[in-house]
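A short worksheet on the structure shown next.
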Amino acid sequence: MNVPIENGNANGITDHDLVELRHAIENRSGIRFDESRTRFLSARVRQHMSERGMTHPSELLKLVRGSNAEYERLLERVLTQETSFFRYPAMYHALDTRVLPELHAKKFWNNPRTLRIWSAGCSTGEEPYSIALTVLKALELPEAWSIEILATDISRKALDVAERGHYSKRELEAISAEQLQAHFSAAGSDGYRVKPKLRNMINFAQMNLAQMVYMGRFDCIFCMNVLIYFSDELRAALIRRFYEYLEPDGYLFLGHAESVAQAKVDLEPIVIDDSLIYRKASAARAAMQEVL
Ligand SMILES: C[S@@+](CC[C@H](N)C(=O)[O-])C[C@H]1O[C@@H](n2cnc3c(N)ncnc32)[C@H](O)[C@@H]1O
């Protein structure tokens with residue numbers, strides 16, 4: 001039987017318990033629960049304990065410290081995974097009208113003509129599928145390219161949804177009728193499944209950004225609405241890594257509330273209509289700056 005957890009009684013969660021749980025999560029995932037998110041954490045921890053039939057936070061702490069599986073269970077509970085197709089239309093417009101045409105011109109004579117894009121913190125897949133749809137729309141002959149979209153997230157559950165590629169009509173509201181027809185097939189009473197051509201453009205993998213490993217260079221990196229959950233230091237360190245992993249002239253796409261300001265890297269801010277994206281200095285420009 002589930003035991004109700006009440007505020008302030010013997011079974012309640014004290015500030016000290018929350019600090020311990022916050023540390024256990026932050027030390028491994030980099031995710032911070034500052035003052036503004038303490039209520040959220042407390043509510044999720046209560047829910048978790050209630051569903052697991054635990055009466056005291058010390059039980060949870062012991063389990064989380066002693067077992068990876070238990071830590072991951074709790075982590076899944078406290079992640080924020082809000083996302084949607086074409087979440088910021090202006091960003092996809094910038095990708096469509098500025099970034100991809102530029103890459104097309106730059107790589108036109110390359111053999112093979114490669115395009116590598118990373119969606120870091122891809123949640124349930126809407127972001128990488130939106131990127132793939134934009135690539136198919138913007139490139140004249142996509143089949144002449146070797147395209148890889150790498151989509152990573154810390155959450156196994158979110159990746160399972162992304163890999164399944166099954167979305168409801170409501171979730172697909174931002175998809176045009178032509179794109180729906182070309183890249184999705186009806187599945188179930190109120191849903192659609194991503195067709196293999198679109199699905200195969202994306203490689204999904206579980207990865208903790210706080211323990212990032214090198215995966216080669218990318219033409220574009222999307223890390224939207226993820227860095228806001230990290231400390232200033234980790235955020236700056238990750239932006240420096242993204243900078244290293246970008247090709248010269250590559251682009252970084254961040255969420256609206258995120259900026260590269262504290263990372264001190266040579267990323268040029270570029271405003272395109274309502275969007276702000278960042279371009280890595282080209283090798284030639286970087287060399288010029290070293291001489292000067
Ligand atoms: C709010 S969602 C953003 C999804 C998508 N990028 C967007 O903007 O719509 C944040 C995602 O970051 C993931 N995340 C949080 N901490 C992470 C970490 N340390 N490593 C990798 N992914 C993480 C979460 O699981 C979640 O799916």
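The values are calculated or read from the model by the stated rules, or taken from the named source; none is laboratory data. The structure displayed is predicted, hence computed values, not measured ones. Don't worry about glycine lacking a Cβ; one is built from the backbone with ideal geometry, like all the others, and counts go over all protein chains shown. Just so you know, the surface numbers come from the protein's heavy atoms only, side chains and all, with ligands and any DNA or RNA stripped out. Shrake-Rupley method; radii C 1.70, N 1.55, O 1.52, S 1.80 Å.
Per-structure values
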{"quantity": "Within the stretch 11-48, tally of residues that are among the polar types (S, T, N, Q), under 20 Å from the mean Cα position of the chain (by Cα) and open to solvent by 20 Å² or more (accessible area, probe 1.4 Å)", "calculated": "1"}
{"quantity": "Residue identified as of a type in the set (Gly, Ala, Ser), out of contact with any Phe, Trp or Tyr (no Cβ under 7 Å at 6 or more places or on another chain), more than 10 Å from the ligand (Cβ to nearest atom) and open to solvent by less than 20 Å² (accessible area, probe 1.4 Å) among 132, 158, 138, 205", "calculated": "132"}
{"quantity": "Conditions (1) farther than 30 Å from residue 48 by Cα; (2) within 13 Å of the ligand (Cβ to nearest atom); (3) acidic (Asp, Glu); number of the one not met by residue 76", "calculated": "(1)"}
{"quantity": "Unique residue being surrounded by fewer than 20 Cβ atoms within 10 Å (Cβ to Cβ), within 13 Å of the ligand (Cβ to nearest atom) and modelled with pLDDT of 95 or more when the list is 164, 87", "calculated": "87"}
{"quantity": "Selection count where residues are more than 14 Å from the ligand (Cβ to nearest atom), surrounded by 11 or more Cβ atoms within 10 Å (Cβ to Cβ) and either assigned to a loop (DSSP other than H, G, I, E, B) or of a type in the set (A, V, I, L, M, F, W, C) (or both), scope the stretch 174-189", "calculated": "7"}
{"quantity": "Complete set of residues in the stretch 152-167 that are out of contact with any helix residue (DSSP H, G or I) (no Cβ under 9 Å at 6 or more places or on another chain) and more than 14 Å from residue 129 (Cβ to Cβ)", "calculated": "160"}
{"quantity": "The stretch 190-231, residues that are β-branched (Val, Ile, Thr) and either part of a helix (DSSP H, G or I) or over 30 Å from residue 33 (Cβ atoms) (or both)", "calculated": "194, 202, 228"}
{"quantity": "Subset of the stretch 24-35 (residues that are in a helix (DSSP H, G or I) and within 15 Å of the ligand (Cβ to nearest atom))", "calculated": "24, 25, 26, 27, 28, 29"}
